[in-house]
Every structure is written in C-alpha cells, then in structure tokens.
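The values are calculated or read from the model by the stated rules, or taken from the named source; none is laboratory data. The shown structure was predicted, so the numbers you read here are calculated from the model rather than taken from an experiment. A quick note on method: Cβ atoms are made from the backbone with ideal geometry, for glycine too, and the neighbour counts reach across all protein chains shown.
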Amino acid sequence: MTPPPPALRVRSLRKSYGKVIAVDGLDLDVEPGECFGLLGPNGAGKTTTIEICEGLLQPDSGEAEILGRRWSTHTRELRERLGIALQETQLSEKLKVIETIQLFRSFYRRRGRAAEDVLALVQLQDKRDARVGTLSGGQKQRLALACALVGEPELLFLDEPTTGLDPQSRRQIWELIEALRSTGCTIVLTTHYMDEAQRLCDHVAVVDHGKVIALGTPRSLIDALGAAHTLEFASSDNHTIDVASLRKLDGVLGASEANNRYVLQVSELHLAFPALLGELNRQGIALSELHSHSATLEDVFVALTGRQLREA
Ligand code: ATP
C-alpha cells in the first residue's frame, strides 16, 4: 500500500506586499495526524503562509501541496476536505448559534457531522438558541471552530485560535484541539503563545521575517539550547551591565539584554545563581527582579533571535 501523501508540503514559498517581504522562501512538511505549529512574533508571516495553504492567497512563487493536491487543480475537493478557522471570523450577529452551524453545514456536499453533534463537540449546547451577537469572545471562537468542523475535515487550519481569550477559554480550546487530534485530524495552527505550542504541537516551525529559523519537536528545540534553565533579571536603577562578563560566569552558556532586562541561558543553576549574585555585588548593582524557570520555546526564540517574542 502506498503511504498517504503529507498533509502539507510547502517549498520555497514567497509572498511580498509591495516592499514588505511577508514570506521569504519558506519550506514546511506536515505529516498526517499530527498537530503542527507555526510560531513567531507579530508580522513574522504566519497568517500569509497559512492563507496561501488555505487557498485564500496566491503566492508570488513556490509550491504548496495540501493532502497531495494543489489549489490550481483540485479547488472543490480541497474545500470539502479542509476546515478553516480564520484569525477573525465575521459571523452574522443576528443568527442563532445552531442556525450558524447549519448554514456552514449546507456549504458541504458530503454530510459530515450533524449540527447538534458539532454543537456538543464545542460545548455550546446551552447557547444553542442564543444570538451570535450575545456570545462571549471564547464562545465565538468555539463557534468559529464548530463552523470549521462541520465538514469533518481531514486537515484543520487554525489561525491564532486563542489570541485575546481569557485563560479558561484558552484551556477549553486547547482541550478541544487535543480531542480533535486524538480522532486523527491533522491540525496546523499559528500562535505566538509558546506555552500553547509546547502543550499542543508534535512539531513546530519557528518563523521570523518570513523564514523558518528552527524546526523540530518542542522538546528537541528546547534540548538543543543545551541550557535547561533561564535566569532573568533587571537592576533596580537600570544600571547597564556588561553582557560579556555575564557570559563568562560559571554555569552560564549565553546572555542577552533587551530593554535593560537580562536573560541568561543556564546549564547548572546551583553554579550560575551564586556566580551571578557575586558578579552583581562586585559591580555594585542591586536587583529589582530575579526569576528562574525551566527552559521553554520562548527561550529558544530568544536564543535564536536575541529578542523576546512578546516584544519582537
Ligand atoms: P500576526 O501574528 O500579527 O498575525 P503574522 O506572523 O501572521 O503576524 P502576517 O500577517 O503574515 O504575519 O504579516 C507578515 C507581514 O506582511 C507583516 O509585515 C504585515 O504587515 C504584512 N502584510 C500582511 N498582509 C498584508 C496586506 N494585505 N497588505 C500589506 N502588507 C501586509
């Protein structure tokens, strides 16, 4: 039996808007059944990439194969087999929740999931007859997901599924994505939340300035840092500290500074802590903040770019 084609295969993708290069020679491979994350700061080119894969935008050059098909030759088939939840879905505020799901269901030739089943899947049964305009942000996002799920998609694209949501709503969406993944649905999501990617994704591509700058499982990317911990600190009087002197400290593998906040990649916390305090003492610098945490994907981004993801 021949193996199924990759869920997504992107090669040398490029797209510019005037002088702005949004996607700059991007390659991606997504295997069937996995949850794949495109991560990066605002403006990295994630939405442009995903919208090309969704058939909503034309690239300037390069190729995108979706489920072994191309938009140019298999538009109708791909529309039936994909689910798409855009960054912002404009739904009719006056329609009821169930009517919205029924409307989206009517767009598909194959029967897909029953409207009531989709309603239960996204846990909006108690809002069945509510007008869309009365829903909270999290409920609207779950309804947008419901609309993407009515056709029982083989491949689901989610563009920033939890941006702007409160922690409880985020968790509900995460649980829903995990449940979908366990049914074998392939999921490609974009996010600038590293904790989201770390929790949900089998593989992630870190995108910056339209290029993939790192690719792997969240664990392998974090392990590749070689630094199990991160120490972050700031001085009380915004005193400038020599970053080169920090890099030489025991147990420290790397150091960077942005906006007077210092980040150290640390292999051995028990060595780095006293060494740092000794060095700050020697330089006569008082601390206003000091945190340590186990390394995360956010630290991978900082190590790769020298920038904090949130501020990039
Ligand atoms: P975000 O997380 O903010 O959605 P992103 O990684 O999805 O960011 P894109 O939305 O793909 O990034 O944008 C990439 C670059 O292309 C940005 O500099 C953006 O301003 C620019 N851009 C995107 N769409 C357009 C457009 N329609 N016209 C002009 N420039 C655009």
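For the structure I just gave you, tell me whether LEU91 is more than 16 Å from the ligand (Cβ to nearest atom), more than 17 Å from VAL188 (Cα to Cα) and either touching a Cys at 6+ places or on another chain (Cβ under 8 Å) or not assigned by TED's automatic domain parsing to the domain that holds LYS140 (or both). It is true that LEU91 is more than 16 Å from the ligand (Cβ to nearest atom), more than 17 Å from VAL188 (Cα to Cα) and either touching a Cys at 6+ places or on another chain (Cβ under 8 Å) or not assigned by TED's automatic domain parsing to the domain that holds LYS140 (or both). When LEU165, LEU158, LEU149 are screened for being within 16 Å of the ligand (Cβ to nearest atom), in contact with a helix residue (DSSP H, G or I) (Cβ under 6 Å, 6 or more places away or on another chain) and in the same structural domain as GLN90 (by TED's automatic domain parsing), only LEU165 passes.
Pick from GLY18, GLY37: which is within 16 Å of the ligand (Cβ to nearest atom), in the same structural domain as GLU178 (by TED's automatic domain parsing), of a type outside the set (Val, Ile, Thr) and within 17 Å of VAL212 (Cβ to Cβ)?
Going through GLY18, GLY37 in turn, just one is within 16 Å of the ligand (Cβ to nearest atom), in the same structural domain as GLU178 (by TED's automatic domain parsing), of a type outside the set (Val, Ile, Thr) and within 17 Å of VAL212 (Cβ to Cβ): GLY37.
Report yes if some residue within region 237-244 is out of contact with any helix residue (DSSP H, G or I) (no Cβ under 7 Å at 6 or more places or on another chain), part of a helix (DSSP H, G or I) and not hydrophobic (A, V, I, L, M, F, W, C); otherwise report no.
Filtering region 237-244 for residues out of contact with any helix residue (DSSP H, G or I) (no Cβ under 7 Å at 6 or more places or on another chain) gives 237-244.
Restricting the remaining residues to those that are part of a helix (DSSP H, G or I) gives 243-244.
Now drop any that are not not hydrophobic (A, V, I, L, M, F, W, C), which leaves none.
No; the residues of region 237-244 include none that is out of contact with any helix residue (DSSP H, G or I) (no Cβ under 7 Å at 6 or more places or on another chain), part of a helix (DSSP H, G or I) and not hydrophobic (A, V, I, L, M, F, W, C).
Pairs are defined by a Cβ separation below 7 Å, a sequence spacing of at least 6 or placement on different chains, a first member in region 267-295 that is under 12 Å from THR230 (Cα atoms) and loosely packed, with under 13 Cβ neighbours inside 10 Å, and a second member that is of a type in the set (Asp, Glu) and at pLDDT 90 or above; the pairs so defined are HIS291/GLU232.
Tell me, please, whether a residue that is among the charged types (D, E, K, R), on the phi > 0 side of the Ramachandran plot and at pLDDT 90 or above can be found in region 154-163. Yes: one or more hits.
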